[in-house]
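The values are calculated or read from the model by the stated rules, or taken from the named source; none is laboratory data. Everything quoted here is computed from the prediction, not taken from an experiment. Neighbour counts run over all protein chains shown; Cβ positions are idealised from the backbone, glycine included.
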Amino acid sequence: MRMTRREYLAATAALPLAAPVAASPLAGPLDRSGFDLAPGKVYLDSGTMHPVSRGGRAAVAAYLAARAEGHAHLDEDAVRAAFARLVGADPDEIAFVQSTTMGEQLVLKALGLPQRGAHIVTDTLHFFGSFPLYEGLATQGCEVTWLRPRDGRIAIEDMDRAIRPGTKLVALSLVSTFNGFEHDLKAVCDIAHARGALVYADIVHAAGCVPVDLHASGIDFAACASYKWLMGDFGLGFLYARKDRQERLQRTQYGYYGIADFTPHAYPLDAPAAPDDIADYSFQASAMGHFAYGTYSHMGVALLAQSLGDIGRIGVPAIQAHAQPLVDRLKQQLPRMGYQVATPPEAKTPFVTCIVKDASTRLQPALDKAGVTITVSRNRFRVTPSVFNGMDDVEKLLAALKSS
């Protein structure tokens, strides 16, 4: 069976979902009925890995069926455009990357880092996986200033003091993976740009769950994976490079997917050229032109074609509003139960983090018995509800924590 791209997209859009089991302000593909959740279990850990919706699974199945016939064509440009709309960017400012970490490191290389004497400002609410990155840059001659939180927040006045004339880069997480603190991105960018610095933001815990407008913020670079709030899968994410910054970037890789024109002179019947002229080529004047490598996950593209469409139709403000009563309930009740909440009370992100000594040994058995999944680390736990969660899930978690 041959399936054109148009037929493929129509097929994935038309695949049925189960009938709703309960009313929801997100009624449709992203309410509880839109996910295959384990019966009797409570999943409050979407900040670690978001479940794939039924619509997303159907989209991947349709892609694989078409691929089996050799005709699995995807509109990859449409997926980048959908992400651009979601975060307030233009499609030519978006490139596919493997992960958030890959995006961050591509930006650093394109800016010529490490560079002896280059001053970088970052903070300890940035992604912990980037700690070795900036520590490593410091050993290679960069001067790295680390800001530490006060009351779970990075104070803008601390940023103001740390960023100085000659600072090359400010690197941060828009929403902290540790406690859900959200930077005032525009304020940071205004300070940095006034002193000649550029700003990079990890937006993996922002895109899809809180409103993001990259253009309005003035941010220069941003990156995120897709397996969290974008409801995609591992191995595919996005890198944003502001259009008027792209000409300043060093080319550090030469990826086929970034090429605009290519004429080889190495194969039989190729157009003749000078003996040492192997190929004529040019790169796209876009983020893909600067950062694209080779092939990326086509199943990930198929999945995002569905999930980004669902998120876009419902709207991130509605997704954010759905989570607020859930996190507010946790912020009210957990301190009454003796837990130290590390998430700022004013945060509008779907995060609640608590500090608990020996959390994994003290809490995990009761959570396992109750069938509740959250992130439990050595000395803290984190709750990250999403669109399919309701207040009943929160109450089951609170009951399990009371019994621990």
Whichever residue in the range 369-404 is of a type outside the set (A, V, I, L, M) and over 13 Å from Leu44 (Cα atoms) and, among such residues, is surrounded by the most Cβ atoms within 10 Å (Cβ to Cβ): Arg380
From His322, His290, residue being more than 19 Å from the chain's Cα centre (by Cα), assigned to a helix (DSSP H, G or I) and closer than 30 Å to Thr252 by Cα: His290
Test: residue in the range 221-236 that is assigned by TED's automatic domain parsing to the domain that holds Thr100, modelled with pLDDT of 95 or more and more than 15 Å from the chain's Cα centre (by Cα): no
Members of the range 100-116 found to be part of a helix (DSSP H, G or I) and either modelled with pLDDT under 95 or surrounded by 20 or more Cβ atoms within 10 Å (Cβ to Cβ) (or both), listed by number: Thr100, Gly103, Glu104, Leu106, Val107, Leu108, Ala110
Qualifying position, being within 19 Å of Leu125 (Cα to Cα) and over 13 Å from the mean Cα position of the chain (by Cα), among Gly196, Gly218, Gly180, Gly255: Gly180
Any hit, the range 145-152, residues being surrounded by 15 or more Cβ atoms within 10 Å (Cβ to Cβ) and either among the acidic types (Asp, Glu) or within 21 Å of the chain's Cα centre (by Cα) (or both): no
The listed residue being surrounded by 23 or more Cβ atoms within 10 Å (Cβ to Cβ), under 21 Å from Glu395 (Cα atoms) and among the small types (Gly, Ala, Ser), out of Gly40, Gly34, Gly47: Gly47
Filter result for Ala23 (farther than 22 Å from Lys228 by Cβ, at pLDDT below 95 and not in a loop (DSSP other than H, G, I, E, B)): no
Tally, over the range 206-254, of residues that are assigned to a loop (DSSP other than H, G, I, E, B), out of contact with any Phe, Trp or Tyr (no Cβ under 9 Å at 6 or more places or on another chain) and of a type in the set (Asp, Glu): 1
Residue match in the range 374-393 (condition: within 19 Å of Ala323 (Cα to Cα), touching a residue at least 24 places away in the same chain (Cβ under 8 Å), in a helix (DSSP H, G or I) and not aromatic (Phe, Trp, Tyr)): yes
